[in-house]
Structure formats: structure tokens, C-alpha cells
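Below is one structure, written out as C-alpha cells, with a few remarks after it.
Every number in this text was worked out from the coordinates using simple rules, so none of it is lab data. Every value quoted in this text rests on a predicted model; they were computed, and no experiment measured them. FYI the Cβ positions are ideal-geometry reconstructions off the backbone, even for glycines, and counts take in every protein chain you see.
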Amino acid sequence: MSKIHITEVILRDTHQSLTATRMRTEDMLPICDKLDALGFWSLECWGGATFDACVRFLKEDPWERLSKLRDALPNTKLQMLLRGQNLLGYRHYSDDVVKAFVSRVAANGMDVFRIFDALNDLRNMRLPIEAVKAANKHAQGAICYTTSPVHTIAGFVKQAQELAQMGCDSIVVKDMA
């Protein structure tokens, strides 16, 4: 049986959902030693809206944030949320941009890439998964859970099987609620 891992999302999703991603790096760093000692499998701290919010609203360098978090969390895998072919933006990017971006993020200390497409269109996840694997990092395929007449357990299982065939190291169900 596969092992279940625990990922803490307080440094990305929590403040993205509660305060529009306005937590500053300087406010994250004081708690990092305690988070690092807890033994989480990974800590999601980058990606999603954090890149945009750092630049546009906080006037911070998101790459510097990644570096500081990497230094502050030496015993914990860093995880990011990657919007498939959209990367961290709001439109699709070309294949060469996807490959280069993933390569740079990996080189700067990211360990786990949680990759999703909001419409569960796996075609938008294929290249980012390949890029993560080429960087020798952990590719986590995320299935966006929702309820509707067209979303079924059988459909989610099929998506998980396809993500496994695409090379994902782990699969997660992401509840967007």
C-alpha cells in the first residue's frame, strides 16, 4: 500500500485564501524553525498567486523569498503549486518558457511541484510534469475535486491512472473549495 504524506500549506494556501496572499517573507521566517522541526513531508510555500503578489503588492522578490525559505527550512522539502502550462500566470506559456521556468525553480531549491489544471485538462499538465522529472524533482499530479453531473469517482480514478502513466511520483486530490 502507498504511504500517505502530510503537507503543510500555511505558507502559501492559508494566507492566499485568508488575506489575498499578503503575508510578507519577513513574517514567515520567524516560525520556520518550528515548522521545520515538526517533520512534515513537505511544506507548500511558493507558487499559486505568491509570485504575482510578491511583485505586485508586497514589492518583494519572489526568488529571494524562495532562497530565504530554503535556508530557513533545511530539513523539510519545499513544495510549490504550479498551474500546469500556465505556470504561475494567468495564461498559457510556450513550451520553452515552461521548461526554463521549472528548471530555474528546481535549481533554486524547490523539491516538490504540485501540478494542476483548473479544468482537469491533463494535456496542460504533461509538459510541466516532464520538465519536473527532467530536473530530477518530485512531480505531484493534482486532481481538482468538484461535484457536478459530469464529475464522477470513475472519472477521477481515470485521471489518477493517467497522471501515474505520465510519470507523477505522487497524486493528490485538490479541493478548490
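So here's what we get for this one:
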{"read-out": "Karplus 3J(HN,Hα) series, Hz, for the range 149-155 with 6.51 cos²θ - 1.76 cosθ + 1.60 (x for Gly, Pro)", "value": "x, 9, 9, 10, 4, 4, x"}
{"read-out": "Least to most buried among V9, V173, V102, V112 (fewest other Cβ within 10 Å first)", "value": "V173, V9, V112, V102"}
{"read-out": "Inter-label distance, nm, simple model (7 Å from Cα along the C-beta direction), S148/H92", "value": "1.9"}
{"read-out": "Flagged links, alpha-carbon separation over 23 Å, of K59/K174; K34/K77; K3/K99; K77/K99; K137/K174; K99/K158", "value": "K59/K174; K3/K99; K99/K158"}
{"read-out": "Normalised per residue, the volume of the convex hull around the Cα set of the chain (Å³)", "value": "121"}
{"read-out": "The chain - percent relative contact order, Cα under 8 Å, separation 6 or more", "value": "17"}
{"read-out": "Hypothetical label at I10: residues of the range 58-97 whose amide nitrogen lies under 19 Å (7 Å Cα-Cβ projection)", "value": "66, 68-81"}
{"read-out": "Fraction of beta bridges assigned by DSSP in the chain that are antiparallel (%, nearest 5)", "value": "5"}
{"read-out": "Over the chain: helical MRE at 222 nm, DSSP H runs n ≥ 4 each giving -39500 (n - 2.57), nearest 500", "value": "-12000 deg cm²/dmol"}
{"read-out": "Burial ranking of peptide ranges 91-98, 129-136, 18-25 (average Cβ count within 10 Å, highest at the top)", "value": "129-136, 18-25, 91-98"}
{"read-out": "Residue order, fewest to most beta carbons within 10 Å, for C45, C32, C144", "value": "C144, C32, C45"}
{"read-out": "Pairwise FRET efficiency - A107 versus K158, Cβ, R0 = 41 Å, nearest 0.05", "value": "0.75"}
{"read-out": "Cβ-based exposure ranking for S170, S17, S2, in which fewest neighbours within 10 Å come first", "value": "S2, S17, S170"}
